[in-house]
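Worksheet: the structure to be examined is printed underneath.
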Amino acid sequence: QVRLVESGGGLVQPGGSLRLSCAASGISIAPYAMAWHRQAPGKDREPVGTIGSRGTPVIPGSLEGRFTVSRDNSKNTIYLQMNNLKPEDTAVYYCNVENPYLDYWGQGTQVTVSS
C-alpha cells in the first residue's frame with residue numbers, strides 16, 4: 001500500500017519559516033518527479049513546487065525566492081522549505097507523485113501564518 005505522509009505544518013508568524021516533509025512508503029520515489037501543492041479555504045488547489053527525479057526543483061515564479069523543494073531518496077522523503085511566510089501562504093499543503101499514472105497524494109498538513 002502506497003502512503004505519503006506530510007508533516008511539519010503548524011502556526012508561524014509572518015516572516016517565519018517552516019520545513020515540510022513528505023515521507024513515502026510502499027513506493028520508491030527515486031524514479032519519479034514529486035510535487036507539493038496547497039489549497040486554501042475557498043480556493044482551488046495550486047502547485048507550489050516540483051522536484052524532478054534528478055533533483056532539479058521548479059518553483060512557480062510567484063513563490064521563487066521564498067519556497068524551495070528538495071529530496072532525499074535514501075529516506076524516501078521530499079521537503080518543502082518555506083521562508084518569509086505570509087498570511088496568504090495559509091493553506092493545507094499536500095505532496096504527490098508527479099506522474100499521471102500514479103495518483104498518490106498525502107493527507108495534507110496545515111500551515112497557518114498569523115500574528
Residues of the range 10-39 with amide N under 20 Å of the 7 Å Cα→Cβ point at Thr112: 10-21, 38-39
Most fluctuating residue of Gly65, Gly52, Gly42 in a GNM of the chain with Cα springs under 10 Å: which is it? Gly42
The range 23-109: trypsin sites (Lys or Arg not before Pro) in DSSP loop, at most 10 other beta carbons within 10 Å: Lys43, Arg54
In the range 69-103, the chymotrypsin sites (Phe, Trp or Tyr not before Pro) that sit in a DSSP loop and have at most 15 other Cβ atoms within 10 Å of their own Cβ are Tyr101
Using distinct alpha-carbon pairs, which all enter the 1/r mean, Kirkwood radius of the range 23-62 in Å: 11.6 Å
Dimensionless Rg/Rh of the range 30-96 - Kirkwood Rh, Rg from C-alpha atoms: 0.97
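Each reported figure results from applying straightforward, stated rules to the coordinates on display, with no laboratory input. In this text, all values refer to a predicted model and were calculated from it rather than measured experimentally. Cβ sites come from the backbone with ideal geometry, for glycine too, and all protein chains shown count toward neighbours.
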